[in-house]
Amino acid sequence: MTDPRTEVFREILSTTRSIRRIAPDEVPDDVLDRVLEASTWAPSGGNRQPWRLIVVRDRATKQAISDLYAEEWKKYVDFNIARLPERTPATEQRVRDAMTIGGDLASGLADVPVLAVFLHDPSMLYVTDAGWGRHPVVGGASLYPAVQNLLVAARAEGLGGVLTTIVCAREPDMRAILGFPESWGVHALVPLGWPKGRHGPLRRAPLTEMVMRERWRD
Ligand SMILES: Cc1cc2nc3c(=O)[nH]c(=O)nc-3n(C[C@H](O)[C@H](O)[C@H](O)COP(=O)(O)O)c2cc1C
């Protein structure tokens, strides 16, 4: 028989999806602290923990970040429209409709109770896949587990959020707003709060498509 705690854990993990509609109600400090602590439990290369997190609750600061996010979101929508194989008013509208929920978030970040801004020190990353003529990704592996821990721990408390990276394109502006040093970068912004809708379920490719046994198979 499966341990009931395993079932609960699987239920939490399988319903931790992006929450972009977030109520303005405050998140109590003790709840937030538990979530933040879980974030710090994440692994990192050499256990260097090359990241820090700024918790933003001040409305003016959230508004400044929100403005950047909205500008970048608009560019992202335009980019997706420009990539359409067949661009008509109808296909363009479909892209806009599909991206509405992201747009809602983009225009409402100041109303979200907590913005968690994740920062990293690139000099502390040991990147083992550099030099292959493509984007190295291993550095990020020391950073994003902490973001996912935060999201899963938030889900366990009934909170919701979403890993966003749009504002990483505006690092100098984020630095001006938050005052972090030149040597540090932004790798995620997580809006966090009580969901307006429900958690889960996830839409994901099945195990058989994602996992191969013993060696690569086409
Ligand atoms: C690296 C990364 C960057 C993302 N950036 C954004 C973002 O900037 N804005 C956003 O609304 N969602 C962002 N997402 C959320 C994804 O769109 C979302 O996780 C994905 O569509 C799956 O949906 P689900 O989490 O609801 O299951 C990002 C997710 C990842 C992993």
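The values are calculated or read from the model by the stated rules, or taken from the named source; none is laboratory data. All values reported here derive from a predicted model rather than from experimental measurement. Quick reminder, even Gly has a Cβ in these numbers, built from the backbone with ideal geometry, and neighbours come from all protein chains shown.
Candidates D67, D3: the one that is acidic (D, E), without any contact (Cβ under 8 Å) to a residue 12 or more places away in the chain and over 29 Å from P172 (Cβ atoms) is D3.
The selection criterion, being away from the ligand (no atom under 16 Å from the Cβ), among the aliphatic types (A, V, I, L, M) and free of Cβ contacts under 8 Å to residues at least 60 places away in the same chain, holds for A60.
On inspection, V112 passes the criterion of being within 16 Å of the ligand (Cβ to nearest atom), in contact (Cβ under 8 Å) with a residue 12 or more places away in the chain and β-branched (V, I, T). Of all the numbered requirements in (1) touching a Gly at 6+ places or on another chain (Cβ under 9 Å); (2) farther than 26 Å from F180 by Cβ, G131 misses one, and that requirement is (1).
Take the conditions (1) free of Cβ contacts under 8 Å to residues at least 60 places away in the same chain; (2) among the polar types (S, T, N, Q); (3) within 26 Å of P28 (Cα to Cα); T128 misses just one of them, which is (3). Scanning the stretch 136-193 for residues that are part of a loop (DSSP other than H, G, I, E, B) and crowded, with 21+ Cβ neighbours inside 10 Å, we see that the one that is nearest to the ligand (Cβ to nearest atom) is L143.
With the requirement that a residue be within 16 Å of the ligand (Cβ to nearest atom) and more than 18 Å from V112 (Cα to Cα), what does the stretch 11-40 give you?
Those that are within 16 Å of the ligand (Cβ to nearest atom) and more than 18 Å from V112 (Cα to Cα): E11, I12, L13, S14, T15, T16, S39.
Which of the residues belonging to the stretch 58-79 are of a type in the set (A, V, I, L, M, F, W, C) and farther than 16 Å from T164 by Cβ? Answer for the stretch 58-79, where residues must be of a type in the set (A, V, I, L, M, F, W, C) and farther than 16 Å from T164 by Cβ: just A60. Taken over the stretch 68-88, the criterion of being in a loop (DSSP other than H, G, I, E, B) and not hydrophobic (A, V, I, L, M, F, W, C) is satisfied by R83, P85, E86, R87, T88. Just to be sure I understand, how many residues within the stretch 1-48 are more than 30 Å from I101 (Cβ to Cβ), among the polar types (S, T, N, Q) and assigned to a loop (DSSP other than H, G, I, E, B)? Count: 2. Residues that are more than 15 Å from the ligand (Cβ to nearest atom), outside any loop (DSSP other than H, G, I, E, B) and either in contact (Cβ under 8 Å) with a residue 12 or more places away in the chain or not charged (D, E, K, R) (or both) within the stretch 194-218 comprise L207, T208, listed in sequence order.
For the stretch 95-109, the criterion of being more than 16 Å from the ligand (Cβ to nearest atom), at pLDDT 90 or above, part of a helix (DSSP H, G or I) and surrounded by 14 or more Cβ atoms within 10 Å (Cβ to Cβ) is satisfied by no residue at all.
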